[in-house]
Amino acid sequence: MDFQGIGECIRGRDFISRLPDDILVQILSRLETKDAVKTCVLSSRWKNLWTFVYNLHFLDNRRNFVNFEIFENFVDRVLGLCQSKDIQDFCLCCRVVYDSEVSHVSQWLCFAVERNVRKLNIRVDAFDIGWRVARLPQSIFTCNTLVELYMLSDFVFDIPDSTSCFPSLKLLYINFTNPDYDLLQKLFHSCPVLEDLSIHGVLVSDEAVLTFDIMMPTLKRLTIRLYLDSGYFEGVSKHKFVVTASNLEYLVIQDYILVNFVVNGRHLLNEVSLDVGVDILLIKDYSQRLDELEVSHDEANQVMKLLFEVSRDEANRVMKLLRGVNYTKILSLTSNTMNSLNLGFDDNMPTFPNLIHLEMCIEARFGWKLLPHFLNSSSNLEVLILKMDCNQEYSSEKFVEFESESVPSCLRLHVKTIEIRNMTGGEDELEVISYMLKNSEVLEEFSVDIAAIAVSKENLRRQILMYPRVSVACEIKFL
């Protein structure tokens, strides 16, 4: 085929403009709105095409707009010329200072609702972070077309007690920095068909113990991510989240302040990911700061203990949370979680009758202590992934060897895949690898990822390949 000849034939022709208008509108709808508007200068045919776009994205930043007034005029002009009757995706991100600017935000959101918006993504930051910025228009709560709502900053809103709200809302994403407890409680009870809920934010110390009650029978996916505000969690961990959702399938919890989580009922959990405990990176950051300030060793220990010491009660909460999700099929546990479980462990590991896939971090000073208990409690386990983590220098726990009085039934009967990630070549790791290969009777694939910091990688590979394997079908792979 003469590609050069074809290139000469098409050179200089405008094939995009030959496309039908509806295809061009689809293309323009995938651009940021300011870029879609710019196409009006291409030709007379393109002059009004952008006015039919069904996705409107307004992002106020200093790269695009010098000040809010210019941004305001642009948004007003676009909405005034918009001819689409059904807005699929309306995104508004801006920063306000004055009351008049806040009122414009409400008007723009009302426009989206009037145009049958399906996805609403809003973030309105205030000049004063202590000021709750914008009020959501009442029409949002009764919008029959709204399916996805992303609130990326704090808002004021009034949910009526007697009116059915959010009749079609299936996904709700909340990001707060100054949460209003009563508003959130009303919100959690005002979504009759919600399937996906994400809560991201900061909780601060409060004299009152707050209980966030998430009771949603239709909920299938729940994500909760809680972060520290002032750098320590003293007085914050007394708050509580109670989850009652009989159809819950996916649960993700990232909690660095160790609040009290209660998961009620026997859920249809398919996958659970837990990152619960004091943030390792935050601890390291504070430790480095103290070193830079040349604080004495004793004083530094007192400061670290005051800020980050986990109480027995807080550690027990993590074990309690684990019991609440023990019917899951897939379970992922981070280093923070394993550390907290270790502190609260007292031979009280729950059973995991449905667990087939377990991914957990192993920290050399305590991780092996818990692994045998997980294996003995997971009789149907098929996939085991161990991620080595040697970065918790602050841990006061001593190294604990992997010990198992008898071979867990899952290794003898069900485990087909084992993966070791970030292996450094330590004796403890090699002992566990030898044990797994020697006792996993139906093992099909054993994968090892040797860390970059490991020395003599080739020697490690040869040593592992020489270990006896009880399963004749087992294949060893190096990643």
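Taken about its Cα centre, region 37-191 carries a charge dipole of about 800 debye when Lys and Arg each add +1 at the Cβ and Asp and Glu each add -1 at the Cβ.
In a fully extended conformation the segment linking W46 and E475 would gain 148.4 nm over its present Cα-Cα distance, using 0.36 nm per residue. Distant-in-sequence amide contacts of F176, defined by a placed amide H-H separation under 5 Å and a gap of 5 or more residues or a different chain, comprise H200, G201, V202. For I224, nonlocal amide neighbours, meaning residues 5 or more places apart or on other chains whose placed amide H falls under 5 Å from its own, are I199, V252, I253, Q254.
Shown for W108, W46: other C-beta atoms within 10 Å of each C-beta, ranked fewest to most, produce the order W46, W108.
Order these by the 10 Å Cβ neighbour count, fewest first: K186, K38.
Values: K186 16, K38 13.
Taking fewest neighbouring Cβ atoms as first place, the list is K38, K186.
Taking the beta-carbon count within 10 Å as an exposure proxy, list V156, V259 from fewest neighbours to most. Kindly include the intermediate steps, with their values, before the conclusion.
Numbers: V156 12, V259 22.
Ascending number of Cβ neighbours within 10 Å: V156, V259.
Computed from the coordinates by the stated procedures, all read-outs in this text should not be read as laboratory data. All values reported here derive from a predicted model rather than from experimental measurement. Note that we place each Cβ from the backbone using ideal geometry, even for glycine, and neighbour counts take in every protein chain shown.
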